[in-house]
Amino acid sequence: MFKIDTMQGHDRMSTQDLLLAIGDAVKQGETEFEVAASGQHDIGGPLWHPEGKTLHFHVTNAGQRLGSMCLPGTEIVAEGSVSADVGWLNSGGTITVKGDAGDTAGHCSSGGKIFIGGRGGTRTGSLMKHDPLYEEPELWILKNVGSFSFEFMGGGRAVVCGYDSEQFASVLGERACVGMVGGIVYVRGPIDTYPADIKYMDLEADDIAFLDGGMDEFLQHIEREDLRQELSDWSQWKKLRPLTAAEKKGKKSHDLKAFRQNEWVKGGIFSDVAHDDFAVHNTLSTGLYRLRVPSWDNARFAAPCEFNCPTGIPTQRRYDLIRQGKLDEAFQLELEYTPFPGSVCGSVCPNPCMDHCTRGSIDEPIQIGDLGYRSAFLPVEPPKVKTGKKIAVVGGGVAGLSTAWQLARKGHSVTVYDDADHIGGKLEQVIPRGRLAHELLEAELKRIQSVGVEFVTSCKVDKEKFAALRKENDAVVVATGGTKSRFFPWEGAEHLTMGLEYLKAINRGEKPATGKHVVVIGAGNSGMDTCRGAYEMGAETVVAVDVQKPAAFADEIEYIENLGGKLVWPFFTNKITPEGVYGNDGRFIPADQVIVSIGEEPELDFLPEDEGIEFFRKSWLVPKKDQSIAAGVFTAGDTIKPGRLTDAIGSGRKAAWYVDQYVMGKETADFPEKQQIPAERLSKAYFEKCHHCLLGDPVDDHTRCVSCGTCRDCKMCLESCPEKAITRIEKEDGSWEYVSDPDRCIGCGICAGVCPCGVWSINDNPEKIAMYSTGAKA
Ligand SMILES: Cc1cc2nc3c(=O)[nH]c(=O)nc-3n(C[C@H](O)[C@H](O)[C@H](O)COP(=O)(O)OP(=O)(O)OC[C@H]3O[C@@H](n4cnc5c(N)ncnc54)[C@H](O)[C@@H]3O)c2cc1C
Ligand code: SF4
Ligand code: SF4
Ligand code: SF4
């Protein structure tokens, strides 16, 4: 038992200290409270026991709001009378007052029961309401209540027993039930007039069942079981309830000005103390007076797939077109972003788009890589108009080819120079054929030629050639990638085989010298390709070592481990000998061949030395924002920093954006980039979770795709708007727009809440609200 007397001599405990003490006791598991209060407020709510046990309060001399916001599982008994607002916002507690309650007892209560053993003050039961998900609130009063009681009541049941109230002309005081829109008031005894939209009627069977069923509990709580019989003559009881919608039909709806002046309080509420024109401009503001305004921000944000694809492919737009039945346009759209939908998206891209796909947080990510493959063999139209501008691209890897593809499709004449005898960079030279079908790569390279790009192979660009290319062309793009295997000056480094050269030889169809027992230094993706190559060339054992947790894609590691390969980390190489590798902790791994595969760095000695070109660690280029490194010279791909194929393709696309502006003499506009859509804008509840999905054709994923940030034309907003403010406007080209009519819109934000795709925003009204005078005299 937690027992407290809040008066110690002349010292009175503050409300705050009392509530803190009660809260601490509840946390410690206490369930019984005996509080000798001295007018402290808010005793008894909102509280919950850590193990869900019922809390019992016995309170004397309570102040205002006894049991305010009281929760289920709290029972309060107040001896004697209490001050105003008992059970204010009660949400489930049982509150008993043995004496009288002050004003506004049960105000705004939405659950639980309040039992008053005496009288209720003015505005008793005002704004009581009922959330249909929970039990309705009950308010029982033994005697009578003051004026304005049950004002704006919206739900629940109130019982006024009219006991010991003979001296009152009305047991509900004056003007009860004004503005009441829901709930029932049961009353025993005479009442004053009531509003025209309230019905005063005899009890029905349901009402008697309710009163009969609840009366014992009420009387037990207030300890007046002796009154049961006297109060149970149901012929003495009546009820008040608002008219139903059907009963109101045909009746003139309220003139709110007249209601305020004549019905609520005669002469107008507060007219004795303040001036008011009593006009109600609108209960729900529209237009200029809205606090918030919606805006249809279609495609304002990047979808996670688009944002996390360094190439920037907007998969949501492809599915949007598919939903409209425009399949060809959807497949062509991918080619606006990449010339390698099959070789990269559909084959060797690690699919960071799918790692971040919103659908992955519902069940399985959208099959974006496979969708890309659907554009692999699609022909494209060559440009209709030629600009007459000439551009040279040095390096025919994905970065150079992506730049060339974009520029050629804009009508420029583009030639790609590569030192290898086959164009394609790492895709052609080192990525194992087992991971990327050669015919697919060749088909995509041919498509690049089909838009007019010239390939010049077996042409190593040196200083002289580079200078000549600058003279002959309007711009030059350097995209020579990483060409030199990196390694540290370990002791015995001369015994190393360079991974890049080793893989190149395999892809050329040669059989490079391979040991029986191979160690590969580096367990990233190129390291895994090197392990794969070594097994293909006849190695019996292959061990990959790394200083850190292997960075290779999980399925590449799994592939090597399935071949019998081992990954050892952390392993810091110290010395290489013809017999094997020593780590700096003394460990030794025997091997008759050690291949290094820890990355590549660019070789850029063909660039001019006197033009202030900036380098990072003497190897990688540091371009300006427009990806230029010198006048008319731009760069893209692994010359800037090592990355994935999709990074290089995106980098090429960006370079092309700036090269085009440069050669055409346009004012430089920034490369368009969007912010990723915040996850909380999306309403995933719209989509059904698939528990046992068999993923079908990637094209059919248009139903699964959340269409993050892009309107899927589901009409949810249009159908959900309570004011019918939204309309869909179809344009001539078949596209559409949703607009909200400001004269109807109340700024409730339901459109933003329901839109599965996060298209609608709801923002503060930017219009300044000019305050107007009511004409009140100071
Ligand atoms: C073994 C290995 C496996 C990889 N696997 C993957 C993978 O599965 N997925 C992934 O996303 N990324 C992978 N990568 C990374 C990816 O290959 C690179 O990010 C990408 O190729 C970089 O493209 P690039 O165009 O900048 O360079 P590159 O592809 O290297 O192209 C540069 C081209 O320039 C040519 N060149 C160089 N110097 C000259 C010169 N002076 N004159 C003329 N031509 C020149 C080269 O011959 C080459 O053709 C892998 C890398 C390696 C090494
Ligand atoms: S390039 Fe890679 S990240 Fe981009 S869409 Fe294709 S698969 Fe996804
Ligand atoms: S759900 Fe659709 S739009 Fe969203 S990230 Fe995935 S593919 Fe992109
Ligand atoms: S609710 Fe549907 S129709 Fe409305 S904006 Fe969002 S996606 Fe488009």
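Computed from the C-beta positions of residue 133 and residue 255 and an R0 of 30 Å, the FRET efficiency is 0.30 to the nearest 0.05. Axis of helix 554-563 versus longest Cα principal axis of the chain: the two differ by about 50°, to the nearest ten degrees.
Full extension of the chain between residue 327 and residue 384 yields a length gain of 18.2 nm, computed as 0.36 nm times the residue separation minus the alpha carbon distance.
Note: relative contact order over the stretch 416-494, using C-alpha pairs below 8 Å and six or more positions apart, is 41 percent. From the convex hull of the Cα coordinates of the stretch 2-262, what is the mean projected area in square nanometres? One quarter of the hull surface, i.e. the mean projection, equals 15.6 nm².
The Cβ shell under 15 Å around residue 225 holds other residues with a net charge of -3, Lys and Arg each +1, Asp and Glu each -1. Descending by average beta-carbon neighbour count within 10 Å, the peptides 746-757, 133-144, 259-270 line up as 133-144, 746-757, 259-270, the highest first. Set the Cα radius of gyration of the stretch 638-748 against 2.2 N^0.38 Å, with N its number of residues, and you get 1.58. Summed over the residues of the chain and divided among them, the accessible surface reaches 48 Å² per residue at a probe radius of 1.4 Å. Counting only DSSP beta bridges with both residues in the chain, the antiparallel share comes to about 35 percent.
The local environment of residue 465, defined by Cβ-Cβ distances under 13 Å, has a net charge of -2 under the rule Lys, Arg +1 and Asp, Glu -1. From helices alone, the chain scores -6000 deg cm²/dmol at 222 nm; the rule is -39500 (n - 2.57) for each run of n ≥ 4 DSSP H residues, then divide by the residue total. So if we plug the beta-carbon distance of residue 767 and residue 193 into 1/(1 + (r/R0)^6) with R0 = 41 Å, what FRET efficiency do we get, rounded to 0.05? Once the sixth-power term is evaluated, E becomes 0.40. Relative intensity of the chain on a log10 scale, I(q)/I(0) at q = 0.05, 0.10, 0.11 Å⁻¹, equals -0.51, -1.02, -1.16, per a Debye sum over C-alpha point scatterers of equal strength in the absence of solvent. Please give me, ordered by residue number, the trypsin sites (Lys or Arg not before Pro) of the stretch 7-101 that lie in loop per DSSP and have at most 16 other Cβ atoms within 10 Å. Qualifying residues, ordered by number: 53.
Remark: relative contact order (the stretch 347-410) = 23 percent; criterion is Cα-Cα distance under 8 angstrom and separation of 6 or more residues. From the largest down, the stretch 487-599 spans 36, 28, 24 angstrom on the principal axes of its Cα atoms. For residue 284, neighbours were defined as the other residues whose beta-carbon sits under 13 Å from its Cβ, and their charges (Lys and Arg +1, Asp and Glu -1) total +1.
Here the chain has 51 percent of its accessible surface on carbon and sulfur atoms, given a 1.4 Å probe and all protein chains in place.
The values are calculated or read from the model by the stated rules, or taken from the named source; none is laboratory data. None of these values were measured; they are calculated from a predicted model. Glycine gets a Cβ as well: all are built from the backbone with ideal geometry, and neighbour counts include every protein chain shown. In case anyone asks, the SASA skips ligands and DNA or RNA and just uses the protein heavy atoms, side chains included. Shrake-Rupley method; radii C 1.70, N 1.55, O 1.52, S 1.80 Å.
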